[in-house]
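Presented below is the structure to which this report refers.
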Amino acid sequence: MCLVTKARMSMSDNFALELFSGIGGMSLGLHSAGFESHGFDASERAVAMANENGLASTVVDVFDPDIVETMRRVHPTPVLIHSSPPCRGYSQASASNQSQKSMWNSLTTRAADIVVQMKPAVAIFENVLTARSSDSWTRAIARLNANGYHSVSVCLDACKMNINVPQTRKRLFVVLCRTSGQDLTVAHKMNEWLEQCKTMMRSRNVTSIADAIPEMADKTLFIFPRRRENQCVFASDRPAPCIRSMVLAKPSGSLMQDNPANAGPIDQAIVPDVALASKLCGFPDEFKFGKYKVHNGLALGNVVVPAMGAFVARFAKELIPFAGDGTEPGVQYVSNYPIRPVRFVGAVDEAEDARPRRRRKID
């Protein structure tokens, strides 16, 4: 039984196309927001997994000179294009050298070129937070602004969004809408949404592991750390750290030493399997993952959290009625606000002005 009906090749008023669609996390978000969608990705396994779950997807080379025509054959006038270029060029955890990072980052400017040619009413770009300081990212958004798109850039953390996702997953979203002459209605709506996101991200309210997964109450969770000395066992009364591609890895011998940062012994912590990792990412229980452990880990580590995608897509949908013909240059609202970090273990005091109990900085 498919999660969703495969997107029909129709002239739907709410049809979205996706570049770098992956296994379909954002596709699920778009469907939740009332869109039909069709994804495009270079990974055959990612496309196969999306199709297995009823999410229409096609294997493509984004640098194919005919890719715009390929996308138009699926739908000639999509109302929305979503793009999640690979984060390897932007992520601080990437092992790529500078030349490789430049290659990966060029996918963002390529996606911007495609949006300019397709001219959807709205577009969404997503990536890690460090992308906002990259010249490639800045140039891509500036080009879209110059070609008649207003844009708003927001930084979101999943555990602070009241979407039942218990992990500190921080992501950058840019929502763009075609301008309509001198009409600034879209710009005002973007500014209001930006303020809403700022308020939400400054909140101390977070979704803990036990809140989202009741069977984890009073248990501890093992997450393979970036470095041996880092915390790797977490109490369930706090969110999990950001889920990475190593989420399905079991503890190694080098981690078995006592670490005062851990919330308990490693041998008593629950090591995530695919089912638990997918819950930490907010996927529905019936979502079907593949048979390859390494690919499942990569997919979960890079996926757009469906509920985060739905939150952004719902706002993008509100902008569609106000989109113009794009003949006027756009303006950009940039999210230069801090997201209050999750630095505590245990409950937060109920007093309104109380500070979280800090132990150690957690990404």
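The values are calculated or read from the model by the stated rules, or taken from the named source; none is laboratory data. Every value quoted in this text rests on a predicted model; they were computed, and no experiment measured them. Every residue, glycine as well, gets a Cβ built from its backbone with ideal geometry; the counts of neighbours run over all protein chains shown. Only protein heavy atoms, including side chains, enter the accessible area calculation; ligands, DNA and RNA are left aside. Shrake-Rupley method; radii C 1.70, N 1.55, O 1.52, S 1.80 Å.
For GLU192, the conditions (1) of a type in the set (Asp, Glu); (2) free of Cβ contacts under 8 Å to residues at least 12 places away in the same chain; (3) in contact with a helix residue (DSSP H, G or I) (Cβ under 8 Å, 6 or more places away or on another chain) all hold with the exception of (3).
Residues in the range 195-222 that are open to solvent by less than 10 Å² (accessible area, probe 1.4 Å) and closer than 29 Å to PRO85 by Cβ: CYS197, MET201. Considering the conditions (1) at pLDDT below 95; (2) β-branched (Val, Ile, Thr); (3) buried (at least 18 other Cβ atoms within 10 Å of the Cβ), THR185 is excluded by exactly one of them, (3).
Yes/no matrix, rows are residues, columns are (1) part of a loop (DSSP other than H, G, I, E, B); (2) among the polar types (S, T, N, Q); (3) modelled with pLDDT of 95 or more:
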{"position": "LEU17", "(1), (2), (3)": "no, no, yes"}
{"position": "GLY29", "(1), (2), (3)": "no, no, yes"}
{"position": "GLY39", "(1), (2), (3)": "no, no, yes"}
{"position": "ALA46", "(1), (2), (3)": "no, no, no"}
{"position": "PRO65", "(1), (2), (3)": "yes, no, no"}
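Any idea which of (1) open to solvent by 10 Å² or more (accessible area, probe 1.4 Å); (2) closer than 22 Å to GLY301 by Cα is the one VAL79 doesn't satisfy? It is condition (2) that VAL79 fails. None of SER94, SER99 is open to solvent by 20 Å² or more (accessible area, probe 1.4 Å), modelled with pLDDT under 90 and either of a type in the set (A, V, I, L, M, F, W, C) or in contact with a Cys (Cβ under 9 Å, 6 or more places away or on another chain) (or both) except SER94.
The rows are residues; the columns are (1) at pLDDT 95 or above; (2) under 21 Å from the mean Cα position of the chain (by Cα); (3) within 30 Å of PRO251 (Cβ to Cβ).
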{"site": "ILE270", "(1), (2), (3)": "yes, no, yes"}
{"site": "ALA277", "(1), (2), (3)": "yes, yes, yes"}
{"site": "GLY297", "(1), (2), (3)": "no, yes, yes"}
{"site": "GLY301", "(1), (2), (3)": "no, yes, yes"}
{"site": "VAL312", "(1), (2), (3)": "yes, yes, no"}
{"site": "GLY326", "(1), (2), (3)": "no, no, no"}
{"site": "VAL331", "(1), (2), (3)": "no, no, no"}
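Taking the range 267-292 as the range and being over 22 Å from THR207 (Cβ atoms) and surrounded by fewer than 18 Cβ atoms within 10 Å (Cβ to Cβ) as the test, the residues that pass are ASP267, GLN268, LYS288, GLY290, LYS291, TYR292. When ASN259 is tested against (1) touching a residue at least 40 places away in the same chain (Cβ under 8 Å); (2) not in a helix (DSSP H, G or I), only condition (1) is not met. A Cβ distance below 6 Å, combined with a sequence gap of six or more or placement on separate chains, defines the contacts here; from the range 153-170, residues that are without any contact (Cβ under 8 Å) to a residue 12 or more places away in the chain reach no residue that is outside any loop (DSSP other than H, G, I, E, B). Being open to solvent by 50 Å² or more (accessible area, probe 1.4 Å), closer than 15 Å to VAL271 by Cα, out of contact with any His (no Cβ under 7 Å at 6 or more places or on another chain) and of a type in the set (A, V, I, L, M) is a condition met by no residue of the range 228-238.
Summed over the range 293-324, the residues that are part of a helix (DSSP H, G or I) and either surrounded by 19 or more Cβ atoms within 10 Å (Cβ to Cβ) or touching a His at 6+ places or on another chain (Cβ under 9 Å) (or both) give a count of 19. Within the range 126-139, not a single residue is at pLDDT 95 or above and farther than 19 Å from SER21 by Cβ.
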